[in-house]
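All remarks here apply to the structure that follows.
The values are calculated or read from the model by the stated rules, or taken from the named source; none is laboratory data. Quantities reported herein were computed from a predicted structural model and do not represent experimental measurements. Positions of Cβ are backbone-derived with ideal geometry, glycine not excepted, and every protein chain shown enters the neighbour counts.
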Amino acid sequence: MPAVELVGITKRFGDVVANDGIDLSIETGEIHAVVGENGAGKSTLMSVMYGVHQPDAGHVLRDGVRLRMRSPADAIAAGLGMVHQRLRLFPGLTVAENVVIGAEPTRRGVLDTAAASREVERLGELYGLRADPAARVGTLPVGVRQRVEILRALYRRARVLILDEPTAVLTPGEAARLFEVLRGVTGEGVSVVLVTHKLGEVLAASNRVTVLRGGRVTGRFATAETTAQELVVAMIGRSLAPRPLAPPGERAAGPYLLEVENVRVRGGEGPARVGGVSFGVRRGEIVGIAGVAGSGQRELLDVVTGLRTPDEGRVLLAGAPVRRGRDPRVAYVPEDRPGRATAPTMSLADNLLMGGQRERRFSRAAVRERARALVERFGVRAASLDEPISVLSGGNAQKAVLARELSGDRPLVVVEEPTQGVDVGAQEQIHALLAQARDEGRAVLLQSSELSELRALADRILVMFEGAIVAELSAEEAGEDRLGAAMTGAAG
Ligand SMILES: Nc1ncnc2c1ncn2[C@@H]1O[C@H](COP(=O)(O)OP(=O)(O)OP(=O)(O)O)[C@@H](O)[C@H]1O
C-alpha cells in the first residue's frame, strides 16, 4: 500500500486549472521526484497534499485511509512534513528550540531544554542528520538550517517529507550532503517527495519520477529506466537545443567596459566583506562569479550596480564612475526577485516597464503594446498583462524581469542566479538570452551557484573566497574539481 496516494486531484484558481485530475502515489521509503515546467502545478499539488489548499475534486489517502484536511495541522497529524524553500526557522533560537517549537517537551510547565537536546541528538543519530542542539540557528549555514527543518518534521513524527526545491539555495557540497541525509531517512522507511528543476539530481537520487505539464500528469517513470532526454520531452513537449556555448577562439578583446578597482566593503566590525577586489569585463564577454554563499559576491555586485558605495576603491563604466542608486547603463537581475526586482502587487505590464523612464510619456495603449511585445519575444507565460506579477510562476516572473532588463540597450548586464527555480525549458531560453546579450557586444557579469551554468556560459570565471578573488579560470580550465577546490579556499 502506498504511504500517500493522491487520487483525481483537481484544483482551480479562478479560471486557471492548476491541477487537473492528478493521480500520484508515493511508496514507503522511496524518493519520488515531481518535475515539470514553471506553472505545471507542482507547488499546488504539494499544497493540496499538505492541507494548505483544499482540492475542488479528488482526495488524499494516507496508508489507505482518506484524510480530511482543513489545514497543515491535519497533515502533520497524519504524518506529513513539509520543508519549504524559504526556511521557516527562528534565527535567535537554538537548534533544539527550533526543532521542538510548538510541541515542546516540558517539565513542570517549562521547556525541558535537556530533553529537547536529547531528542535532537537521538533523531540525528537515527537518521544521520547531525546538528549541534545548542547552536543558534541564525549563525548556521543554510545547509545546516535546512537539516534543522527536516529534524523538526521528523520530531513531529513525519513519515512523508515534502521538499520543495530543496537544493535551490544550497552549494554543491551542501546538496550532496542533503542527498546523503535523504538516503538516511528513506532507509528508515520515511518517504520523500522531491520537487525540483534539476534533472541531474532527479536521475542521481530518486527512485521514481512523475512529470506534470499544464496541471496533468504527462509521464511516470522508474528513474533507473529513464533518461534526462525522456524527462525533458515529457516536461516541455520537445527536446532541448544544444547549449549556447561560446565558440572557442572568439575571445573578446579590447578595453574593459566595466572596471572594478581595488574595491573594499567592510562589514561592521569584522573583517572586510570584500577585501580589495579588482577585475574588468569587456564588451562581448560573459564573466562568471563563483563562490560559496557569503564569500562577498552579494556585496561586490551591490557595488558594481551602484546600490552600495564601497568603503574604498571605485567602479568605472566606460571610463565614468558608476552612478549611485541605480545606474541607467546597468541592466540588473537580482537574486531576490520578489523583493528587489518586481513590485509584486503591480501588474505584469507595469512591472515590465519599471525603470523604463523614457517610455513613460507613452500612452497607456502604447505601454500595453510594448508589454505585449516583450511577453511575446521573451516567452513569458501569463494569463493576462493585468494580473499582479506575484501570481506568475517563478520561471515566468524571472523571464519577465530579464525581458525588462535586456530589452533596452544598456551596455552592462549584471545577473544573479538567473535560473534559480526556473524549469529546463526556461533555463535554455534564459541562457540563450544571456549569450545573445554578449553577442550583441554587451558586457555580462554572471553570478551563479550552478557550476554547470557558469561553465556553459562564462568566458572566464572569477572565484571568490572570503571576500577576495582567489582564482581566475578560463572556460576550458574551469573543471568542477578545480572550481570546487578554489571555492573552498584551496589554491586555485
Ligand atoms: N494562489 C493562486 N492564485 C491564482 N493562481 C495560482 C495560485 N497558485 C498557483 N496559481 C496558478 O496555478 C498554476 C500552477 O502553479 P504552481 O505554482 O502550482 O506551478 P509550479 O509547477 O509549482 O511552478 P514553479 O515551477 O514555477 O514553482 C499557475 O498557472 C499559477 O499561476
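Take the conditions within 11 Å of the ligand (Cβ to nearest atom) and either outside any strand (DSSP E or B) or among the β-branched types (Val, Ile, Thr) (or both) and apply them to VAL7. Does it pass?
No, not satisfied.
Kindly state which helices (runs of 4 or more DSSP H) lie completely within the range 364-481 and contain at least 1 residues that are within 14 Å of the ligand (Cβ to nearest atom) and surrounded by fewer than 20 Cβ atoms within 10 Å (Cβ to Cβ).
Counting at least 1 such residues, we get 424-439.
Those residues that are within 13 Å of the ligand (Cβ to nearest atom) and hydrophobic (A, V, I, L, M, F, W, C), I need them from the range 195-215; list them, please. Talk me through it step by step, then tell me what you get.
Within the range 195-215, the first condition is being within 13 Å of the ligand (Cβ to nearest atom), and the residues that meet it are 195-198, 210-215.
VAL195, VAL211, LEU212, listed by residue number.
Hey, could you check the range 13-34 for residues that are near the ligand (Cβ under 9 Å from one of its atoms) and out of contact with any Gly (no Cβ under 8 Å at 6 or more places or on another chain) and say which is farthest from THR196 (Cα to Cα)?
GLY14
Mind telling me which of the residues ALA131, ALA153, ALA116 ends up being touching a strand residue (DSSP E or B) at 6+ places or on another chain (Cβ under 8 Å), assigned by TED's automatic domain parsing to the domain that holds ILE31 and modelled with pLDDT of 85 or more?
Going through ALA131, ALA153, ALA116 in turn, just one is touching a strand residue (DSSP E or B) at 6+ places or on another chain (Cβ under 8 Å), assigned by TED's automatic domain parsing to the domain that holds ILE31 and modelled with pLDDT of 85 or more: ALA153.
When VAL52 is evaluated against the numbered criteria (1) touching a residue at least 40 places away in the same chain (Cβ under 8 Å); (2) among the β-branched types (Val, Ile, Thr); (3) within 16 Å of the ligand (Cβ to nearest atom), which criterion, by number, is the only one it fails?
The one condition VAL52 does not meet is (1).
Are there strands (runs of 3 or more DSSP E) fully within the range 151-214 with at least 3 residues that are of a type in the set (A, V, I, L, M) and farther than 25 Å from GLU97 by Cα? List them.
Qualifying strands (runs of 3 or more DSSP E): 191-195, 208-213.
If a residue must be at pLDDT below 85 and at positive phi, how many such residues does the range 403-442 contain?
Qualifying residue count for the region: 1.
Could you say which residue among ARG118, ARG68, ARG86 is free of Cβ contacts under 8 Å to residues at least 40 places away in the same chain, outside any strand (DSSP E or B), within 16 Å of the ligand (Cβ to nearest atom) and surrounded by fewer than 15 Cβ atoms within 10 Å (Cβ to Cβ)?
Being free of Cβ contacts under 8 Å to residues at least 40 places away in the same chain, outside any strand (DSSP E or B), within 16 Å of the ligand (Cβ to nearest atom) and surrounded by fewer than 15 Cβ atoms within 10 Å (Cβ to Cβ) holds for just one of ARG118, ARG68, ARG86, which is ARG86.
Test GLY484 against the criterion of being closer than 21 Å to ARG329 by Cα, surrounded by fewer than 18 Cβ atoms within 10 Å (Cβ to Cβ) and touching a residue at least 60 places away in the same chain (Cβ under 8 Å), and give yes or no.
no
Taking the stated definitions as given, is GLY138 closer than 22 Å to PRO172 by Cβ and without any contact (Cβ under 8 Å) to a residue 60 or more places away in the chain?
Criteria not met by GLY138.
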